[in-house]
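Below: one structure, written as structure tokens.
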Amino acid sequence: MKTTSFIQLGKRKTQQDALVVSEPLFAVCAGVGGSDNGDVASTIAVETLKGQITTGADFHNEIELIKTTQDIQRKMYQLVLDKSDMQGGSTTLAMVYIANKKATVAHIGDSRVYYYSINKNALWRTKDHSLVQSLFDQGHISADEMNSHPMRNRITKALSAKD
């Protein structure tokens, strides 16, 4: 399998994104905009994921995956307890775990996983955990309105010490 990765700084002064690009795990964690310490939160998430893979975690097992996300949140919470200036760190997560000819996709927030099938000429992507996605799903706004809605950057779920 050939992979390529890159990170772009964007509008922030610090890089808020962190990656894992190493079979069997591919993940992107992006610090949540508008909150401090997103860089710390995304790094904690990525390092925890890498550590679990190193110890042989199987993310096809839903229970192991849930325990790992809980571990990420516990580490974030502990950091807040240890350093009061670390309040507010949150991150999104988009990951694919590929092993034994199976792929497991997990995500939280608005970081996305895309799959394109060349044979079927079909595109699939994860559904954002966002306010505009909820409004769209409930029929309150159209797909076109999602891109220009004033609350388009509000997510409804993230990995955080607060959850």
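The values are calculated or read from the model by the stated rules, or taken from the named source; none is laboratory data. Worth saying up front: this structure is predicted, and the values here are computed from it rather than measured. Backbone-built Cβ (ideal geometry, glycine too); neighbour counts: all protein chains shown. Note: accessible area is taken over every heavy atom of the protein model, side chains too, but ligands, DNA and RNA are not part of it. Shrake-Rupley method; radii C 1.70, N 1.55, O 1.52, S 1.80 Å.
Determine whether residue 79 is open to solvent by less than 80 Å² (accessible area, probe 1.4 Å) and within 14 Å of the chain's Cα centre (by Cα). No, not satisfied. Surrounded by 13 or more Cβ atoms within 10 Å (Cβ to Cβ) and touching a Leu at 6+ places or on another chain (Cβ under 9 Å), is that true of residue 45? The answer is yes for residue 45.
Please tell me if residue 73 is open to solvent by 30 Å² or more (accessible area, probe 1.4 Å), in contact with a strand residue (DSSP E or B) (Cβ under 8 Å, 6 or more places away or on another chain) and over 25 Å from residue 5 (Cα atoms). Here the answer is yes, as residue 73 does meet what is asked.
Of the residues making up region 31-42, those that are open to solvent by 20 Å² or more (accessible area, probe 1.4 Å) and in contact with a helix residue (DSSP H, G or I) (Cβ under 6 Å, 6 or more places away or on another chain) number 2. Screening residue 23 against (1) over 25 Å from residue 86 (Cβ atoms); (2) surrounded by 15 or more Cβ atoms within 10 Å (Cβ to Cβ) leaves a single unmet condition, (2).
State yes or no: is residue 58 charged (D, E, K, R) and under 25 Å from residue 130 (Cα atoms)? It is false that residue 58 is charged (D, E, K, R) and under 25 Å from residue 130 (Cα atoms).
The residue list 67, 2, 11 contains one member that is of a type in the set (D, E, K, R), open to solvent by 30 Å² or more (accessible area, probe 1.4 Å) and in a helix (DSSP H, G or I), which is 67. Those strands (runs of 3 or more DSSP E) of region 88-158 in which at least 1 residues are within 27 Å of residue 77 (Cα to Cα), in contact with a His (Cβ under 9 Å, 6 or more places away or on another chain) and modelled with pLDDT of 95 or more, considering only elements entirely within it, cover 90-99, 102-108.
Within region 96-138, the set of residues being out of contact with any strand residue (DSSP E or B) (no Cβ under 8 Å at 6 or more places or on another chain) and either among the hydrophobic types (A, V, I, L, M, F, W, C) or in contact (Cβ under 8 Å) with a residue 60 or more places away in the chain (or both) comprises 99, 118, 132, 135, 136.
Summed over region 49-64, residues that are within 23 Å of residue 126 (Cα to Cα), assigned to a helix (DSSP H, G or I) and over 13 Å from the mean Cα position of the chain (by Cα) total 5. Please identify the pairs in which a residue from region 1-19 that is within 17 Å of residue 45 (Cα to Cα) has its Cβ atom under 6 Å from the Cβ atom of a residue that is open to solvent by 90 Å² or more (accessible area, probe 1.4 Å) and of a type in the set (Asp, Glu), counting only partners at least 6 apart or on another chain. Between residues of region 1-19 that are within 17 Å of residue 45 (Cα to Cα) and residues that are open to solvent by 90 Å² or more (accessible area, probe 1.4 Å) and of a type in the set (Asp, Glu), there is no close pair. Only one of 120, 127 is surrounded by fewer than 17 Cβ atoms within 10 Å (Cβ to Cβ) and more than 13 Å from the chain's Cα centre (by Cα). Can you tell me which? Matching residue, one of 120, 127: 120.
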